[in-house]
Amino acid sequence: MYLVHVRLDGPAETPLPCGAAALLMGCAGPDDGLEHVSVAPDGAGGPVLGLFLVAPSLAVAERVAATVCTRALARYSPLAPFRMASCGVVLIPEYWDMLASPAPVDGIGHNMFRPPDSPSGAAGEWAK
């Protein structure tokens, strides 16, 4: 799952309408993978929408987020004063792609994202 941030620009005197999250959810198709929308109406650079998407890659998640937002901005008049200023994840793309793929295993079968379990189940030398 990816969290894609969409920052909106609009007139300073125009607040983001209540229900903006529901409007975006209504613009997602069944294959878009949009699970949830979070809204920060008073972000420092303008309102920020957080779109939680299930997608096969970061690039797909960002593309779907931009598409859903573009649909919502075009379809709903309360959103008409706003435009998409930026759309993307905050963290490094390689990190997200690594997490989306199966965990790498070292030469002796250990998951490389966590220390190996001790043979006895006790903390042993890991606690030192």
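The values are calculated or read from the model by the stated rules, or taken from the named source; none is laboratory data. Note that this is a predicted model, so its numbers are computed, not measured. Every residue, glycine among them, receives a Cβ derived from its backbone with ideal geometry; neighbour counts consider all protein chains shown. What goes into the accessible areas is simple: the full protein's heavy atoms, side chains included, and nothing from ligands, DNA or RNA. Shrake-Rupley method; radii C 1.70, N 1.55, O 1.52, S 1.80 Å.
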*How about the stretch 5-58: which of its residues are acidic (Asp, Glu) and in a strand (DSSP E or B)?*
Asp9, Glu35
*Return yes or no: is Leu99 touching a Lys or Arg at 6+ places or on another chain (Cβ under 9 Å) and either at pLDDT below 95 or part of a helix (DSSP H, G or I) (or both)?*
no
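Here is a yes/no grid of residues against (1) modelled with pLDDT of 95 or more; (2) under 13 Å from the mean Cα position of the chain (by Cα); (3) surrounded by 14 or more Cβ atoms within 10 Å (Cβ to Cβ):
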position	(1), (2), (3)
Leu23	no, no, yes
Cys27	no, no, yes
Ala40	no, no, yes
Gly45	no, no, no
Val64	yes, yes, yes
Gly88	no, yes, yes
*Give the residue, chosen from Pro56, Pro78, that is open to solvent by 70 Å² or more (accessible area, probe 1.4 Å) and modelled with pLDDT of 70 or more.*
Pro56
*Considering only residues that are out of contact with any strand residue (DSSP E or B) (no Cβ under 8 Å at 6 or more places or on another chain), in contact (Cβ under 8 Å) with a residue 12 or more places away in the chain and not polar (S, T, N, Q), look in the stretch 32-58 and name the one that is nearest to Val6 (Cα to Cα).*
Pro41
*Pull up the stretch 1-18, narrow it to residues that are of a type outside the set (D, E, K, R) and free of Cβ contacts under 8 Å to residues at least 24 places away in the same chain, then point me to the one that is most open to solvent (accessible area, probe 1.4 Å).*
Cys18
